[in-house]
Amino acid sequence: GNSVTQMEGPVTLSEEAFLTINCTYTATGYPSLFWYVQYPGEGLQLLLKATKADDKGSNKGFEATYRKETTSFHLEKGSVQVSDSAVYFCALTLTGFQKLVFGTGTRLLVSP
Amino acid sequence: DVKVTQSSRYLVKRTGEKVFLECVQDMDHENMFWYRQDPGLGLRLIYFSYDVKMKEKGDIPEGYSVSREKKERFSLILESASTNQTSMYLCASSTPGQHTYEQYFGPGTRLTVT
């Protein structure tokens, strides 16, 4: 089956620290991969995406590279801010299908 | 900008009541989705719809039904609410394009069933 596994949170960092949130996937075909972010009290927003192997998605200082050989799509940011505190969801979808498969989410807490 | 709106941010209902959650999108998207979000479980798909009057079961459809009479509106119905349906409910929409299938989410409805 298709599934996404994320590291458990919460991840607690100080401002300006380096962030990595791990995400690995299992898929029967060739998925597109996504990171969504949910700020407190809000719905999910697409943060970045990658549609084929070795693609790098980037947005707002966040990056993730689609690694087919390790079936991974880890989220990174060089210097986090307090405003990055949120829940981050890794997700995949398969070509020809409309459904997203989500990981369980990782809460990030950034302190000043 | 795509906008997905949900009828209520917070809702409190009693066990056994019939509950309607409404979702409207303004971008003429073909696809609409209902999820529930619970701590430690992430998002789980309840139902989705590819077109008007079309619906498909997701991963956890039991206890729910849906209605899509107009393209822009997708309703989730709890026929007889139970306490285990207390959750955050998220609506989303998308349109197929260039293999991305991005989904746009509403702000969510936090439902409490007492």
_Condition broken by A:E76, with the remaining ones in (1) open to solvent by less than 10 Å² (accessible area, probe 1.4 Å); (2) more than 11 Å from every other protein chain (Cβ to nearest Cβ) satisfied_ = (1)
*asked:* Can you find, within the range A:36-49, the residue that is surrounded by the most Cβ atoms within 10 Å (Cβ to Cβ) among those that are at the interface with chain B (Cβ under 10 Å from one of its Cβ atoms) and at negative phi?
replied: A:L44
*Among the residues of the range A:9-30, how many are within 10 Å of chain B (Cβ to nearest Cβ) and crowded, with 18+ Cβ neighbours inside 10 Å?*
0
*Of all residues in the range B:47-66, count the ones that are closer than 19 Å to A:T104 by Cα, at pLDDT 95 or above and surrounded by fewer than 14 Cβ atoms within 10 Å (Cβ to Cβ).*
0
*List the number of the failed condition for B:L43; all other conditions in (1) under 17 Å from B:L78 (Cβ atoms); (2) within 11 Å of chain A (Cβ to nearest Cβ) hold.*
(1)
*In the range B:86-96, what residues are open to solvent by 20 Å² or more (accessible area, probe 1.4 Å) and outside any loop (DSSP other than H, G, I, E, B)?*
B:M88
*Matching option when the condition is facing chain A (nearest Cβ under 8 Å) and at positive phi, among B:G58, B:G108, B:G63*: B:G108
*Residue ID - nearest to the other protein chains (Cβ to nearest Cβ), chosen from residues in the range A:50-62 that are open to solvent by 60 Å² or more (accessible area, probe 1.4 Å) and among the charged types (D, E, K, R)*: A:K52
_On the basis of being modelled with pLDDT under 95 and within 14 Å of chain B (Cβ to nearest Cβ), does A:F89 make the cut?_
no
*Conditions: (1) within 26 Å of B:G108 (Cβ to Cβ); (2) away from every other protein chain (no Cβ under 11 Å). A:L33 meets all but one. Number of the miss?*
(2)
*Name the strands (runs of 3 or more DSSP E) wholly inside the range A:1-99 in which the number of residues that are among the β-branched types (V, I, T) is 2 or more.*
A:3-6, A:11-14, A:19-21, A:23-26, A:86-94
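Every residue, every condition in (1) within 15 Å of the chain's Cα centre (by Cα); (2) modelled with pLDDT of 90 or more; (3) surrounded by 18 or more Cβ atoms within 10 Å (Cβ to Cβ), yes or no:
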{"site": "B:T5", "(1), (2), (3)": "yes, yes, no"}
{"site": "B:V24", "(1), (2), (3)": "yes, yes, yes"}
{"site": "B:Q37", "(1), (2), (3)": "yes, yes, yes"}
{"site": "B:L45", "(1), (2), (3)": "yes, yes, yes"}
{"site": "B:R68", "(1), (2), (3)": "yes, yes, yes"}
{"site": "B:S80", "(1), (2), (3)": "no, yes, no"}
{"site": "B:N84", "(1), (2), (3)": "no, yes, no"}
{"site": "B:G106", "(1), (2), (3)": "yes, yes, yes"}
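The values are calculated or read from the model by the stated rules, or taken from the named source; none is laboratory data. Computed from a prediction, not measured in an experiment: that's the story for all the values here. Using ideal geometry, Cβ is built from the backbone for each residue, glycine included, and neighbour counts are taken over all protein chains shown. Calculation scope for accessible area: heavy atoms of the full protein, side chains included, ligands and nucleic acids excluded. Shrake-Rupley method; radii C 1.70, N 1.55, O 1.52, S 1.80 Å.
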